[in-house]
1. Looking only at the range 327-355, filter to residues that are β-branched (Val, Ile, Thr) and out of contact with any Gly (no Cβ under 7 Å at 6 or more places or on another chain); which one of those is surrounded by the fewest Cβ atoms within 10 Å (Cβ to Cβ)?
2. Looking at this structure, is Arg192 crowded, with 23+ Cβ neighbours inside 10 Å and not in a strand (DSSP E or B)?
3. Could you check, for the range 88-108, whether at least one of its residues is of a type outside the set (A, V, I, L, M, F, W, C) and at pLDDT below 95?
4. Which of (1) surrounded by fewer than 24 Cβ atoms within 10 Å (Cβ to Cβ); (2) in contact with a helix residue (DSSP H, G or I) (Cβ under 8 Å, 6 or more places away or on another chain) does Arg161 not meet, given it meets every other one?
5. Can you pull out the residues in the range 321-336 that are of a type outside the set (Lys, Arg) and either out of contact with any strand residue (DSSP E or B) (no Cβ under 6 Å at 6 or more places or on another chain) or part of a loop (DSSP other than H, G, I, E, B) (or both)?
6. Does any residue of the range 148-156 turn out to be buried (at least 16 other Cβ atoms within 10 Å of the Cβ) and outside any helix (DSSP H, G or I)?
7. Can you find, within the range 321-336, the residue that is farthest from Pro10 (Cα to Cα) among those that are touching a helix residue (DSSP H, G or I) at 6+ places or on another chain (Cβ under 7 Å) and not hydrophobic (A, V, I, L, M, F, W, C)?
Amino acid sequence: MTHEQLALPPSLYADTAVPPVPTPALDVDRTVSVAIIGGGFAGLSTALHLAGQGTEAIVLEAQQPGWGASGNNGGQLNPGLKFDPDSIEATFGADLGRRMIAFAYQTPTFTLDLIHRLGIACEARQNGTLRAAYHEASTAAIETTAEQCIRRGMLVTVLDRDAVQKMTGTDRYVRAMLDRRGGDLQPLSYARGLARAAISAGAAVYGQTPATSLRREGGRWRIDTPRAVVRAEKILIATNGFTDDLWPGLRRTIVPVFSSIVATEPLPDEIVRGIMPTRSVLYESGHITVYYRVDASNRLLMGGRGPMRWIRDPAAVDYLRRYAVRLWPALRDVRWTHGWNSRLAMTADHYPHVHEPGPGALAYLGCNGRGVALATAMGQQLAERLVGGEAAQIDMPITTLKPIRFHAWWPVAIKSVVLYGRIRDRLGL
């Protein structure tokens, strides 16, 4: 099954989200200041912030806003980047490194403030993020991260086994780091709310409008779509896990990876009281990440790696259901109503990538599983760069395109990495 064959991935979010704002296909030629290719969080947030500055912007989305990973992820608002603060500063230098750290750890607060200011109905909560360890190797990593955050004045807390058990309802974990800036939301409702807000601010959002070709023409960018042509002074490509060959070589700078989620029916009060009682979200510190949360309707949503293909029901990732029962035996007889997935983009260095591959052209991709808050906040910075050019300093490095070697072998490599990671996690390595 290809993504072109799906009207919308069959998910809990699709069944419960707020109605979409109308985004008809573009059927008349347009000339604008900025054209954005991709209607996920990054593209929609950029359009919103451009419109707020009075810049005419349009979004071209091949499906509908939130169709991809933006509307089908774990719904977690997690602070930070994959690497620890000291490592970020060592890699990018004191100035840029410090700006990256300050920016990345505040992205949940930025996102929640935006949601509240715009009145977006998406079940947003700021109940904290737990990064949890169930063996000693991961415990050391969590303590290292926490020490570096605390040294920089961040109000994070290291929890011992008893404290983690009280917050999660399971005795699985030996240590966790709590960052109260984290939270969660209903991602498809959020994507639709962002689209509505961008349109209200003056941006145009077109669904069912894939960009089929891109080239320079008369000092502008020409984007061909099935029914119309767009000419723009500047462009942003924000297609993430669905990046194709529109820009030569860009697809080979990321590895598209499926991430899967299963969801229970709304849980009875006597059961749900013992599962994540503080409603913090959690992701495990290990080689292969499992993440979960209890939503506003008392459903448990549990995510992790799954098949490298589209799925439609919980049976396709039964290991997640089994793992949930291991954590909370009271779930043994509950009904799992949904199972779905989507493609996200991983980069070789595990950092998000911002490229300027041509005059007046930006590309942003590779959130590496942290896209909800990160992509939202990046939208503001990308808008500033598109308007201000090189004079507009942003808090992420701008890098050249570096296609991944042996990219054609990525499906085999991902399966091997997942298997190897699970073995190491089971052995506590």
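1. Of all residues in the range 327-355, those β-branched (Val, Ile, Thr) come to 334, 337, 347, 354.
Now drop any that are not out of contact with any Gly (no Cβ under 7 Å at 6 or more places or on another chain), which leaves 334, 337, 354.
Values: Val334: 20, Thr337: 15, Val354: 19.
Looking at residues that are β-branched (Val, Ile, Thr) and out of contact with any Gly (no Cβ under 7 Å at 6 or more places or on another chain), I get Thr337.
2. For Arg192, the condition - crowded, with 23+ Cβ neighbours inside 10 Å and not in a strand (DSSP E or B) - is met.
3. No, that holds for no residue.
4. Single failed check for Arg161: (2).
5. So in the range 321-336, the residues of a type outside the set (Lys, Arg) come out as 323-325, 327-331, 333-334, 336.
Tyr323, Val325, Leu327, Trp328, Pro329, Ala330, Leu331, Asp333, Val334 - these are the residues of the range 321-336 that are of a type outside the set (Lys, Arg) and either out of contact with any strand residue (DSSP E or B) (no Cβ under 6 Å at 6 or more places or on another chain) or part of a loop (DSSP other than H, G, I, E, B) (or both).
6. Our first condition is that a residue be buried (at least 16 other Cβ atoms within 10 Å of the Cβ); within the range 148-156, this holds for 148-149, 154, 156.
From the residues that got through so far, the ones that are outside any helix (DSSP H, G or I) too are 154, 156.
Yes, some residue in the range 148-156 is buried (at least 16 other Cβ atoms within 10 Å of the Cβ) and outside any helix (DSSP H, G or I).
7. Per the stated criteria, the residue is Arg332.
This table checks each residue for (1) outside the structural domain of Asp15 (by TED's automatic domain parsing); (2) exposed (fewer than 15 other Cβ atoms within 10 Å of the Cβ); (3) among the hydrophobic types (A, V, I, L, M, F, W, C); (4) within 22 Å of the chain's Cα centre (by Cα).
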| position | (1), (2), (3), (4) |
| --- | --- |
| Pro79 | yes, no, no, yes |
| Glu89 | yes, no, no, no |
| Phe110 | yes, no, yes, yes |
| Thr170 | yes, no, no, no |
| Arg175 | yes, no, no, no |
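The values are calculated or read from the model by the stated rules, or taken from the named source; none is laboratory data. Note that the coordinates shown come from a computational prediction; the quantities given were computed from them, not determined experimentally. Cβ atoms come from the backbone with ideal geometry, glycine included; neighbour counts cover every protein chain shown.
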